[in-house]
1. Give B:Val196, B:Val184 a once-over and let me know the one that is within 14 Å of chain A (Cβ to nearest Cβ), open to solvent by less than 50 Å² (accessible area, probe 1.4 Å), without any contact (Cβ under 8 Å) to a residue 60 or more places away in the chain and in contact with a strand residue (DSSP E or B) (Cβ under 8 Å, 6 or more places away or on another chain).
2. Give the stretch B:39-69 a look and list any residue that's outside any loop (DSSP other than H, G, I, E, B), under 21 Å from B:Leu238 (Cα atoms) and either at pLDDT 90 or above or open to solvent by 70 Å² or more (accessible area, probe 1.4 Å) (or both), or say none.
3. Could you list, in sequence order, all residues of the stretch A:177-200 that are outside any helix (DSSP H, G or I), open to solvent by 30 Å² or more (accessible area, probe 1.4 Å) and within 19 Å of A:Gly38 (Cβ to Cβ)?
4. Can you name every residue in the stretch A:132-151 that is assigned to a loop (DSSP other than H, G, I, E, B) and open to solvent by 40 Å² or more (accessible area, probe 1.4 Å)?
5. Determine which member of the set A:Leu174, A:Leu129 is open to solvent by less than 40 Å² (accessible area, probe 1.4 Å) and under 23 Å from A:Thr45 (Cα atoms).
6. Given the conditions (1) closer than 30 Å to B:Leu190 by Cα; (2) open to solvent by 30 Å² or more (accessible area, probe 1.4 Å), and given that B:Ile106 satisfies all but one, which numbered condition is not satisfied?
7. Please state which of the following conditions A:Ile98 fails to meet, knowing it meets all the rest: (1) at pLDDT below 95; (2) more than 9 Å from chain B (Cβ to nearest Cβ).
8. If A:Pro154 meets every condition in (1) out of contact with any helix residue (DSSP H, G or I) (no Cβ under 8 Å at 6 or more places or on another chain); (2) within 11 Å of chain B (Cβ to nearest Cβ); (3) loosely packed, with under 15 Cβ neighbours inside 10 Å apart from one, which number is that one?
Amino acid sequence: MTGVALQVDRIAKRFGRLDALSDVSFDVADGELTVLLGAAGAGKTTTLRTIAGLEVPDRGRVFVKGRDVTHLEPKDRNLAMIFDNLALYPNKTGFANIAHPLQVQKLAATTIEQRVTAVAATLRISHVLNRLPATMSGGERQRVALGRALVRDPDLFLLDEPLSSLDAMLRIELRSELKRMQRDHGYAFLLATPDYVEALAIADRVVMLVGGQVRQIAPPQVLYDDPVDREVARFVGAPEINLIAADYDPSDGGRIRIADAVMPLPVAQRERLGGASRSFQAGLRPEHVRLSDGGGAAARVSDIEALGLQSIVTFDASGAVLRAVVPSAEGRRLQIGDRVGLTFSLERMIGFEERTGSRVA
Amino acid sequence: MPVRPLSWFLLLVLLGAIVITLFPTFWIVMTAIKPPTDWNAAPAIWIPSKPTLVNFRTLFDPEAIREYGVGGVSQAATMSVLGSIFASTTATALSVIIGLLSAIGISRYSSGGRATPLLILSGRMFPPAAIAVPFVIIFSNIALIDTYSGLIAIYVAATLPFSTWMLKSFVDEIPREIEEAAMVDGKSRLMAHLTVTLPLIRGGLFATTLFIFILNWSEFLFALVLSYTNIETIPVRLAKYVTATAGTLYGVQAALAVLAMVPLVIAGFLIQNHLARGMTFGAVKR
């Protein structure tokens, strides 16, 4: 049985004329890593700060372990938070930084010593315990900030873009370390990030924020395969999902025209599009566009980016731009200007209404 | 940072600047130890051949100067020295404490809205002379004239814009997330402000205190118009060393001025290490 570590119930927050959050609701289960995903300004930090008690919501409630904490001071919420700028105490050593929450709780000096030493060993930062933050490397500071959170036993960890300042290698290393630590100890994590790769890599569940509203809550793979609308589809995935005009004709068993190719449509899509013929915008991930052995939509190669394992090929298909991810061996055989045929994995296609971007298939 | 040797040219320029800056100080110290005959001798006497402490003694014993045949000092400066110390330290302490709390309020909670900082500063925009006389009338009516409470109230009101603004700029430099981290760690709001931010702005706090103290210590206008007989400060006393028989007693004035400089010089030396220290380096990612 798993309980609920955090429950956010329709919180709203307004800054002047800006609606920073409107009716944001979601849960974080015990032992679960939930990622708050969204572009800059989507309300990720405001959400975390509201949960921590650093902002008071205009409406709505926050429950930690079933306890209503909406109007409690931060100190009474039993949460740990890692700030996007880390916020280490600059005049305290690594040890004193990590020990601070325990000192505030007035624990015995020997207990504090033991716990700080243990946490530092897990994080491999024992060597910086006597140093000031100014003398530490970026990764070491990050780990000290992490240590300051882990040394406690909070009901929930809030992490605001905890890996954003690190270089790529270290980010990937710390990312998996973070995930492992969370899983091993059964911690409840709520991590905010604008990076969908990070979200897909570590999340058990993703809460997608757009303009201060929850747009979709789903496991990462569902977010990728079955986004709720065009905005989410475009935010998640790189290269971006291909959007191309399509015409659906239900007669003759259901057919679809994309660029200059007319193809039979799989049953699932046919059912969702309904019985009337219509035009819509087809969404096709780059890995679902392939070179055909013959036939298919006529296209011209307009750009090739070799990325080692794979190549990204850009095509011009009857005036529409399509990108495909192909194995490098295949990419090397192509040249800019080549005329080729394209086929699509139509069973993976999703469809949007052209004007509103809402899902139609 | 490696110390580069100065070029001869730069050294000369610096020496010139030092001479120009320190000459008035040199002259007043010399005048303070000159006997009355040397005060305004022509040609000027730079360094007295027979230095004396009689000017300093006259400050506290008005009769002392008579041994040089000069008379007419009616009152010792003791009261004005004690008065200056009391009024300036009390007013400075109040101004800095209230200023610090305002600075935290404005910086962290935008107390009073966005215009508050400018509103506070606007209180300094009219000349003190314009409000001096109204204050004499008001203070007469509410029995605050010729009292230290009245003078201190004016000093606090006059310096509060400066202390608030200076301290606000120091508080602004400390990322609020450091305080917020302490709150999440289990500290109350007030304790987070006081135990986290205060140590980090220590240098700024010392600098502000010194600045406000200098303002109060050397204030003349209000101290003059708001005092009759019960209170006096050093700047007002300085203006009173004019006698009917011997004219202005330059040496005694100089002695009191030298005495007035002492606490400022000592304070400056004590806190010079704090004045320019960047305490926040490495606290947050930039």
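The values are calculated or read from the model by the stated rules, or taken from the named source; none is laboratory data. All of these numbers come straight from a predicted model, not from anything done at the bench. Don't worry about glycine lacking a Cβ; one is built from the backbone with ideal geometry, like all the others, and counts go over all protein chains shown. With ligands, DNA and RNA removed, areas are computed over all heavy atoms of the protein, side chains included. Shrake-Rupley method; radii C 1.70, N 1.55, O 1.52, S 1.80 Å.
1. B:Val184
2. B:Val54, B:Asn55, B:Phe56, B:Arg57, B:Thr58, B:Leu59, B:Phe60, B:Glu63, B:Arg66, B:Tyr68
3. A:Pro194, A:Asp195
4. Within the stretch A:132-151, the subset assigned to a loop (DSSP other than H, G, I, E, B) is A:132, A:136-137, A:151.
Across the stretch A:132-151, the qualifying residues are A:Leu132, A:Ser137.
5. Of the residues listed, the single one that is open to solvent by less than 40 Å² (accessible area, probe 1.4 Å) and under 23 Å from A:Thr45 (Cα atoms) is A:Leu174.
6. Failing condition for B:Ile106: (2).
7. (1)
8. It is condition (3) that A:Pro154 fails.
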